[in-house]
1. Taking C-beta distances below 4.7 angstrom as the pairing criterion, name the unpartnered cysteines of the chain, in sequence order.
2. Please report, for the Cα atoms of segment 27-88, the Rg to one decimal and the Dmax as a whole number; what are they, in angstrom?
3. Cα centroid distance between segment 134-205 and segment 1-45, in Å?
4. Give me the extension gain from ASP105 to LYS2: residue separation times 0.36 nm, minus the current Cα-Cα distance, reported in nm with one decimal.
5. Any chance you could run the full-extension gain for LEU79 through HIS162? It's 0.36 nm times the residue separation minus the Cα-Cα distance, nm to one decimal.
6. Given H placed on each backbone N at 1.01 Å, which residues far from TYR8 in sequence or on other chains put an amide H within less than 5 Å of it?
7. Normalised by the residues of the chain, what does the relative contact order come to in percent, with Cα pairs under 8 Å and at least six apart?
8. Please report the orientation-averaged projected area of the chain, defined via the convex hull of its C-alpha atoms, in nm².
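Every number here is computed from the coordinates shown, using simple stated rules; none is lab data. Note that the structure is predicted; figures quoted are calculated from it, not measured. Note: ideal-geometry Cβ built from the backbone for every residue, glycine included; neighbour counts use all protein chains shown.
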Amino acid sequence: MKIIKQSYKITRFNPEMDVYDICDGYCTCYHSKMPPTFESQCEFIRKHREHESPLEHSRLSVKFFINRGISHELVRHRLASFSQESIRWCNDSKDRFGNELTFTDDETIKEFFKSNDLLETIEQKYIDMLAAGFKAEQARAILPNNLKTTLLVTANFREWRHIFAERCTKRAHYQMREVMIPLFHEVNSVLPCVFDDLEEYIAYD
């Protein structure tokens, strides 16, 4: 059994190209000239970003390594594209998966897991079911929400703004904030002209 901390990796983020394309959208709407530099284009976006449709001329792809419970929330964002690791077809008892299950760490219930050996029991029962001839799509029925999954999410900046506004607040699940707040800070540090007005939504406790 393996326990990991939730994380993410940005797999596609091209600020200069996206900023140019977003500005092209604004310039098309307003019959304006394209600002000549990246910095002036960023300021142009900041000035007009309440008009959100040009922000759709962009793309950010992020690969999340999270628990399945959190993944179920993320895939509800209808205007994004998703590719997710399958527990129907992937057999974690095979050599290429290390013959073990991977779960995500959760400090709030860690002592419960330790004292009850719950995850070890689930892992063994899962492996026993597969050894007994059950298919992975059957054995997955006993797996918990904190099983690790890999989820690739691609969306334009307008949709990422919506995701951050929903998933960084106090109402968001604490494990969602664990990955979403650092991601927000990373992309905001590169493109504050697109994202810095969302700071008010960030919940740190």
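1. CYS23, CYS27, CYS29, CYS90, CYS168
2. 17.4, 52
3. Using only Cα atoms to place each centre, the spacing works out to 19 Å.
4. Full extension of this stretch gives 36.1 nm more.
5. The span from LEU79 to HIS162 would gain 28.9 nm if fully extended.
6. Under 5 Å from the amide H of TYR8: PHE65.
7. Once normalised by length, the contact order is 30 percent.
8. Over every viewing direction, the Cα hull of the chain projects on average to 12.8 nm².
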